[in-house]
Amino acid sequence: MIVTTEHVDIPSARSRMRTFVAAPATAGLYPGILFYSDIFQLTGPMLRSCVRLAGHGFVVAAPEIYHRTEPPGSAIPFDDAGRTRGMENSAKTSVADFDADCRVALDYLATHPAVAPGNVGAAGFCIGGHLAFRAALQPDVKATVCFYGTGIHNGKLGKDADAGSLQRTGEIRGQLLLVWGTLDAHIPAEGRVKVEETLRAGGRKFSHRLYPAEHAFMRDEGPRYDPEATDLAFGEMVRFYREAFHART
């Protein structure tokens with residue numbers, strides 16, 4: 001599908017949340033996906049991922065997760081200074097603020113003229129994978145994909161020592177797809193197992209995919225990018241969403 005793109009400023013607490021929106025150019029009603037970036041915000045790789053997903057028939061909204069601490073339009077460089085900057089921004093943002101932004105973004109999607117009523121999901125990379133997991137706690141989120149979500153297993157997110165995300169898995173009503181890299185030094189194997197065992201014990205509906213890849217293997221810039229694993233994981237996401245939303249339409 002051909003895709004249209006725009007930036008919108010969504011009113012949020014104390015600031016406006018700059019959000020990249022990609023949608024099919026063909027008129028119609030499509031599922032809406034809240035797509036979270038990694039700590040570097042809306043970089044080239046993230047924007048390309050949004051456009052790619054939209055081209056499969058989705059309205060994709062990607063917010064600037066640090067709109068409280070960064071000027072609008074700030075894409076953080078992929079270098080050591082940028083990583084430090086991204087982590088510092090995270091440390092200044094509470095889980096309550098992340099959750100409030102999630103609700104605002106979901107409400108935006110729900111009122112988007114091209115989004116089919118009742119068909120809203122979430123996705124995210126790295127810290128965004130954890131934010132997507134928390135989006136799944138919202139009652140209207142039907143399907144969520146977490147790409148190597150950091151901190152889910154130990155609760156680390158933003159300025160909070162423990163976000164308590166795993167303890168709230170009983171609130172998840174939709175389906176989950178967890179995507180991991182077996183070579184990911186940020187998420188140990190025991191962390192992956194803890195997340196999956198908690199979901200299983202709670203009777204949540206989820207699936208997982210493992211790839212022999214490093215953390216951030218889907219970021220198409222830098223030495224960790226794995227094109228084959230990226231294509232496979234992306235295809236799994238599209239297939240997962242189509243099955244999840246088709247079952248509800």
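The values are calculated or read from the model by the stated rules, or taken from the named source; none is laboratory data. Please read these numbers as outputs of a predicted model, since none were measured by experiment. Please note: Cβ atoms are built from the backbone with ideal geometry, for glycine as well, and neighbour counts cover all protein chains shown. Only protein heavy atoms, including side chains, enter the accessible area calculation; ligands, DNA and RNA are left aside. Shrake-Rupley method; radii C 1.70, N 1.55, O 1.52, S 1.80 Å.
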(request) Report the one residue of 116, 81, 10 whose Cα lies farthest in the direction of the positive end of the charge dipole of the stretch 1-144 (charges on C-beta: Lys and Arg +1, Asp and Glu -1; origin at the Cα centre). (result) 116
(request) Pop out the ³J(HN,Hα) list for the stretch 203-209 in order, Karplus 6.51 cos²θ - 1.76 cosθ + 1.60 with θ = phi - 60°, rounded to Hz; leave Gly and Pro as x. (result) x, 7, 8, 8, 9, 9, 9
(request) Take residue 100, project a point 7 Å from its Cα along the Cβ direction, then tell me which residues of the stretch 13-45 have their backbone nitrogen under 17 Å from it. (result) 13-18
(request) Calculate one ³J(HN,Hα) per residue across the stretch 23-31 by plugging θ = phi - 60° into the Karplus curve 6.51 cos²θ - 1.76 cosθ + 1.60, and present them in order as whole Hz with x for glycine and proline. (result) 8, x, 6, 6, 4, x, 10, 10, x
(message) Can I get the semi-axes of the stretch 51-91's equivalent ellipsoid? Compute them from the C-alpha gyration tensor as square roots of 5 times the eigenvalues, in angstrom, largest first.
(response) 25, 13, 8
(message) Only four residue types carry charge here, +1 at the Cβ of Lys and Arg and -1 at the Cβ of Asp and Glu. Report the dipole size of the chain about the Cα centre in Debye, rounded to the nearest 20.
(response) 600
(message) Quick one: 3J(HN,Hα) in Hz for the stretch 227-236, Karplus 6.51/-1.76/1.60 with θ = phi - 60°, rounded, Gly and Pro as x.
(response) x, 5, 4, 4, 4, 5, 5, 5, x, 4
(message) Against the 2.2 N^0.38 Å scaling, with N counting residues, where does the chain land? I'd like the Cα-based Rg ratio to two decimal places.
(response) 0.92
(message) Relative contact order for the chain: what percent, with Cα pairs under 8 Å and sequence separation of 6 or more?
(response) 16
(message) Please compute the Kirkwood hydrodynamic radius of the stretch 58-182 from all pairs of different C-alpha atoms, in Å with one decimal.
(response) 15.1
(message) I'd like the carbon and sulfur percentage of the solvent accessible area for the stretch 1-124, probe radius 1.4 Å, heavy atoms only, ligands and nucleic acids excluded.
(response) 58
(request) Return the loop-located trypsin sites (Lys or Arg not before Pro) in the stretch 134-208 (DSSP other than H, G, I, E, B) with at most 15 other Cβ atoms within 10 Å of their own Cβ; answer none if there are none. (result) 159, 173, 205
(request) Show the residues, 5+ positions off or on another chain, whose built amide H is closer than 5 Å to the amide H of residue 10. (result) 17, 18, 19
(message) Given Cβ point charges of +1 (Lys, Arg) and -1 (Asp, Glu) and nothing else, what value in debye, to the nearest 20, does the dipole of the stretch 1-80 about its Cα centre take?
(response) 240
(message) Rounded, prolate or oblate for the stretch 1-113? Axes are the square roots of the Cα gyration tensor eigenvalues, ordered a ≥ b ≥ c, and the cut-off for rounded is a/c under 1.5.
(response) oblate
(request) Describe numerically, in nm with one decimal, the distance between label points set 7 Å from Cα along Cα→Cβ at residue 238 and at residue 4. (result) 2.2
(message) Run the simple label-point estimate for residue 200 and residue 14 please: 7 Å along Cα→C-beta, distance reported in nm.
(response) 4.2
(request) Equivalent ellipsoid semi-axes for the stretch 199-249, as square roots of 5 times the alpha carbon gyration tensor eigenvalues: give them largest first, rounded to whole Å. (result) 26, 15, 7
(message) Could you tell me the ratio Rg/Rh of the stretch 134-249? Both radii from Cα atoms, Rh via Kirkwood.
(response) 0.96
(message) Which one, 29, 94, 225, projects farthest toward the positive side of the charge dipole computed for the chain from Cβ point charges (K/R +1, D/E -1)?
(response) 29
(request) Show the residues, 5+ positions off or on another chain, whose built amide H is closer than 5 Å to the amide H of residue 144. (result) 122, 175, 176, 177
(message) Quick check: pseudo-label points 7 Å beyond the Cα along Cα→Cβ at residue 185 and residue 167, how many nm apart are they?
(response) 3.1
(message) Number of Lys pairs in the chain with C-alpha atoms less than 19 angstrom apart, excluding same-chain neighbours closer than eight positions?
(response) 5
(request) Would you tally the net charge around residue 181, using a Cβ to Cβ cut-off of less than 14 Å, leaving residue 181 out, and scoring K and R as +1, D and E as -1? (result) -2
(request) Please give the length that would be gained between residue 87 and residue 107 if that part of the chain were fully extended, namely 0.36 nm times their separation in residues minus their C-alpha to C-alpha distance (nm, one decimal). (result) 4.5 nm
(request) Taking the dipole about the Cα centre of the chain, with the C-beta of Lys and Arg at +1 and of Asp and Glu at -1, give me whichever of 234, 191, 135 is farthest to the positive side. (result) 135
